[in-house]
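Visitor: Take this structure, written in structure tokens, and hold onto it; I'll ask about it next.
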Amino acid sequence: MPELPEVETVRQGLTRWVTGRRIASVEVRHPRAVRRHAPGGVHFADVLADRTVLDVRRRGKYLWLPLDSGDAVIGHLGMSGQLLVQPADAPDETHLRVRFRFADDGPELRFVDQRTFGGLSVSAGGAELPVEIAHIARDPMDPEFSDAAFVAALRRRRTEVKRALLDQTLISGVGNIYADEALWRAKLHGARPTDALTGPAALRLLGHVRDVLAEAITSGGTSFDALYVNVNGESGYFDRSLNVYGREGQPCRRCGAPVRREAFMNRSSYSCPRCQPRPRGALRG
DNA sequence: GGTAAGTCCTGAAGGC
DNA sequence: TGCCTTCAGGACTTAC
């Protein structure tokens, strides 16, 4: 499941493999993969032909590829998307959605997505920062991310802390897995109200978020079921380092209490019942 | 049939 | 009352 570390790994791979190359043609094999591109798949392919990729950039879990036309290709991997660099004669993947061929006849760029939550689009004039993703906050690894502004905004919210961590307009790049891991490190239950967090507590939490993400980037991201792979098709191995996520019933690595799983927003939250006590007044559980 | 995931959309709720 | 902002939850998708 691609979160920031996975997307960053993909960005680094794409930078190496597609920067400076001229697109010869684009083949859209599934309309849903370009559903965010309002003019449709034919237009998507037309506007990209003969354009050169200048760079590969990232904002949160979004990638964009500035082009020599001033436009940009926006990509989001959703929960099962992959951007693969493959030899042109490699067999098509089962869930191949979009294929980029290059003028140098070198390796193709393929967007493969089983569950089609991800997608590609072209942002007109979006080379610097596509307007479509301008609402996404900076991520905590971004040099221009402001810790003080984040802490202030977090404490202004009237919601639960895990929900706030998943809000990409507040802080980007944190998904379900790393939210649980950061909360475990901070010894906070995800249902804690944000407006009751002290400034220092919020700052400590942010530090743990940053640590978890940094360690995951070093490991090349997390993968459980081979749905996520980097541009060369290799899985990350950060899952070996997870402390609570997916470990229901197994002993907490800090205190030994069995890790609990709770329903949260149509998905799961994992936490230690002893290290991360549920706040008084919280209803679920 | 339940489960997993991230984002967008819609309706509800709250503040002024 | 009414407008604006913020919040909560459903929809989407598909393999297992």
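Visitor: If you scan the range A:251-270, which residues turn out to be loosely packed, with under 13 Cβ neighbours inside 10 Å and within 15 Å of DNA strand B (Cβ to nearest atom)? Quick ask: steps written out before the conclusion?
Guide: Start the filter on the range A:251-270 by keeping residues that are loosely packed, with under 13 Cβ neighbours inside 10 Å, which leaves A:251, A:255-256, A:263, A:265-267.
Hits for the range A:251-270 are A:Ala263, A:Met265, A:Asn266, A:Arg267.
Visitor: I want to confirm something. Restricting to the range A:100-120 and keeping residues that are farther than 16 Å from A:Gly60 by Cβ and either modelled with pLDDT under 90 or within 15 Å of DNA strand B (Cβ to nearest atom) (or both), which single residue is most open to solvent (accessible area, probe 1.4 Å)? Explain how you work it out, then say what you get.
Guide: In the first step, residues of the range A:100-120 are kept if they are farther than 16 Å from A:Gly60 by Cβ; the result is A:100-116, A:120.
Now restrict to residues that are either modelled with pLDDT under 90 or within 15 Å of DNA strand B (Cβ to nearest atom) (or both): A:113-116, A:120.
On the way: A:Asp113: 1, A:Gln114: 76, A:Arg115: 94, A:Thr116: 19, A:Leu120: 8 Å².
So the residue we want is A:Arg115.
Visitor: Right, next: Among the residues of the range A:143-155, is there at least one that is among the β-branched types (Val, Ile, Thr) and farther than 24 Å from A:Arg267 by Cβ? Before the answer, list the steps.
Guide: First, pick out the residues of the range A:143-155 that are among the β-branched types (Val, Ile, Thr): A:151.
In the following step, the residues that additionally are farther than 24 Å from A:Arg267 by Cβ were identified as A:151.
For the range A:143-155, residues among the β-branched types (Val, Ile, Thr) and farther than 24 Å from A:Arg267 by Cβ: present.
Visitor: Every residue in the range A:167-187 that is open to solvent by 10 Å² or more (accessible area, probe 1.4 Å), away from DNA strand B (no atom under 13 Å from the Cβ) and either of a type in the set (A, V, I, L, M, F, W, C) or in contact with a strand residue (DSSP E or B) (Cβ under 7 Å, 6 or more places away or on another chain) (or both), please.
Guide: We begin by selecting, within the range A:167-187, every residue open to solvent by 10 Å² or more (accessible area, probe 1.4 Å); these are A:167-170, A:176, A:184-187.
With away from DNA strand B (no atom under 13 Å from the Cβ) added as a condition, the list becomes A:184-187.
Residues satisfying the conditions are A:Trp184, A:Ala186.
Visitor: From the list A:Val47, A:Val56, A:Val73, A:Val42, which one is open to solvent by 30 Å² or more (accessible area, probe 1.4 Å), without any contact (Cβ under 8 Å) to a residue 60 or more places away in the chain, of a type in the set (A, V, I, L, M) and more than 11 Å from DNA strand B (Cβ to nearest atom)? Write out each step before concluding.
Guide: On the way: A:Val47 fails: without any contact (Cβ under 8 Å) to a residue 60 or more places away in the chain; A:Val56 fails: open to solvent by 30 Å² or more (accessible area, probe 1.4 Å); A:Val73 fails: open to solvent by 30 Å² or more (accessible area, probe 1.4 Å).
That would be A:Val42, the only listed residue that is open to solvent by 30 Å² or more (accessible area, probe 1.4 Å), without any contact (Cβ under 8 Å) to a residue 60 or more places away in the chain, of a type in the set (A, V, I, L, M) and more than 11 Å from DNA strand B (Cβ to nearest atom).
Visitor: While we're on this one: Can you tell which of A:Glu8, A:Glu27 is part of a strand (DSSP E or B) and either at pLDDT 90 or above or of a type outside the set (A, V, I, L, M) (or both)?
Guide: Numbers: A:Glu8 fails: part of a strand (DSSP E or B).
Going through A:Glu8, A:Glu27 in turn, the sole match is A:Glu27.
Visitor: Now for a separate question. Please return the ranges of strands (runs of 3 or more DSSP E) entirely within the range A:54-139 where 2 or more residues are more than 20 Å from A:Gln12 (Cβ to Cβ) and of a type in the set (A, V, I, L, M, F, W, C). Don't jump to the end; show me each part of the working.
Guide: Numbers: elements: A:57-59, A:62-66, A:72-76, A:81-86, A:96-102, A:108-113, A:119-123.
Correct list: A:96-102.
Visitor: Does A:Ala134 qualify as being among the hydrophobic types (A, V, I, L, M, F, W, C), within 16 Å of DNA strand C (Cβ to nearest atom) and more than 30 Å from A:Pro200 (Cβ to Cβ)?
Guide: When the stated conditions are applied, A:Ala134 passes them.
Visitor: Further question: Only one of these conditions is not met by A:Arg51: (1) in contact with a Leu (Cβ under 8 Å, 6 or more places away or on another chain); (2) modelled with pLDDT under 90; (3) more than 16 Å from DNA strand C (Cβ to nearest atom). Which number is it?
Guide: (2)
Visitor: Still on this structure, I have one more. Residue pairs, Cβ under 8 Å, 6 or more apart or interchain, first in the range A:196-210 and open to solvent by 60 Å² or more (accessible area, probe 1.4 Å), second part of a helix (DSSP H, G or I). List them.
Guide: Once the first residue is open to solvent by 60 Å² or more (accessible area, probe 1.4 Å) and sits in the range A:196-210, its partners that are part of a helix (DSSP H, G or I) give A:Leu203/A:Asp147; A:Leu203/A:Val151; A:Arg204/A:Ala186.
Visitor: Would you please list the contacts, defined by Cβ atoms under 9 Å and residues six or more apart or on different chains, that run from a residue in the range A:133-156 that is closer than 22 Å to A:Tyr62 by Cα to a residue that is acidic (Asp, Glu) and part of a loop (DSSP other than H, G, I, E, B)?
Guide: Sorted first by the residue in the range A:133-156, then by its partner, the pairs are A:Ala137/A:Asp167; A:Arg138/A:Glu144; A:Phe145/A:Asp139.
The values are calculated or read from the model by the stated rules, or taken from the named source; none is laboratory data. Owing to the predicted nature of the structure, the values given are computational and were not obtained by experimental measurement. Because the Cβ atoms are built from the backbone with ideal geometry, glycine has one as well, and the counts that use them run over all protein chains shown. SASA here: full protein model, heavy atoms, side chains in, ligands and nucleic acids out. Shrake-Rupley method; radii C 1.70, N 1.55, O 1.52, S 1.80 Å.
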